[in-house]
Amino acid sequence: MSDALSRSRTAEPALGDVEARPVDTAPDPAAGPDAAAGPDAGPLRRRRRRFSPLVLALQVAVAVAFVGGWEVLSRAGVLDPFFFSSPSAIGERVWTWLTTGEIYDDLLITLQEAFYGLVIGAVLGLVVGFTLARVRLLAAVLDPYVKALNAIPRVVLAPIFLLWFGLGIWSKVAFAVTLVFFIVFFNTYQGVREVDRVLVDNSRMLGATESQLIRHVFLPSALSWIFSSLHVSVGFAIVGAVVGEYLGSASGIGYVIAQAEGTFDTTGVFAGIAVLSVFVILVDLLVNRVERHLLRWRPEPSHGDAV
């Protein structure tokens, strides 16, 4: 497997042939948070504060241009409302769902399935990733099996899970777990394997046990890889839950979208997609905040592309 793929945060690395590279140096706690961020932290923070309103304004402008253009083209008859609906009709449908409470039960079920799938898949990925990264023989033995399992198209597993777990939430949870697990696993494995060997050897010379190495060396060093995978995993957990509901369910947002599609209700399909999109953005913001809190000890990047 190429070096480029093995160094990607979301790519599949080869088990057992990963080379370590230096990681960020831990800051001096006595020097304070600004010193911990490095000499370029001040200019970078000021640059971020200067660009953030501009980025937010541009993001809002893109959304207004897209939604406004869609609405204008729909009202002008360029886009057929039967196939494309319109933002005003979609907003009206979402508002009706929210004010009448019609969508809450389905949304709660989808969130529950996605949450269980995310938690179970992330925990399994972390445990297996840490284990294989620390036991090279086991990683070499399981290497072809992990790659073979990862190569299976997930959608073909949905009917099997429906047979095994029925139409309830657990067939969707199992489907979401298969999507989340490999993302977290490969990132955790790569993050642990790339911890600086000098740092590990020095910690062992100072008498650190394996549990202390995991807690104070490997886990902090791999956190950036783990959170990178969680950003992607949130979306995949939602996808797993919704696709599972779409293929066979009696409730959930995927079921609502499938019912709307069955009656050629394009507005209902887009409204369900809009509700899911807003939820994914909110969850991603929450993950960002947790990541910033847990990785506040890391130095700021020294290159000037931080916006």
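The values are calculated or read from the model by the stated rules, or taken from the named source; none is laboratory data. As the structure is a prediction and not an experimental result, all values here were calculated from the model. No Cβ is skipped: glycine too gets one built from the backbone with ideal geometry, and neighbour counts run over all protein chains shown. The protein model used for the area step is the full one, side chains on, heavy atoms only, and it has no ligands, DNA or RNA in it. Shrake-Rupley method; radii C 1.70, N 1.55, O 1.52, S 1.80 Å.
Of note:
- Neighbour net charge for LYS172 - beta-carbon separation under 13 angstrom, K R +1, D E -1: -2
- Taking label positions 7 Å along the Cα-Cβ direction at both PHE66 and ILE214, the computed distance is 4.2 nm, reported to one decimal.
- For ASP196, the amide hydrogen comes within under 5 Å of the amide hydrogens of VAL23, counting only partners 5 or more places away or on other chains and with H modelled in the peptide plane.
- Accessible area of region 118-236 divided out per residue, in Å², using a probe of 1.4 angstrom: 48
- Stretched out straight at 0.36 nm per residue, the stretch from ALA57 to GLU92 would grow longer than its current Cα-Cα span by 10.1 nm.
- Share of carbon and sulfur in the accessible area of region 89-197 stands at 74%, probe radius 1.4 Å.
- Against the criterion of solvent-accessible heavy-atom surface with a 1.4 angstrom probe, PHE165, PHE130 sort, most first, into PHE165, PHE130.
- Computed over neighbours whose Cβ is under 12 Å from that of TYR255, the net charge equals -4, Lys and Arg +1, Asp and Glu -1.
- Mean-position separation - Cα centroids, region 213-230 and region 149-192, in angstrom: 23
- Theoretical gain in end-to-end length, LEU124 to ARG292 [0.36 nm per residue, Cα-Cα removed]: 58.1 nm
- Accessible-area rank, largest first, for TRP95, TRP225, TRP70, TRP170: TRP95, TRP170, TRP70, TRP225, with all protein chains present and a 1.4 angstrom probe.
- Region 198-239 shape via C-alpha gyration tensor axes, a/c threshold 1.5: prolate
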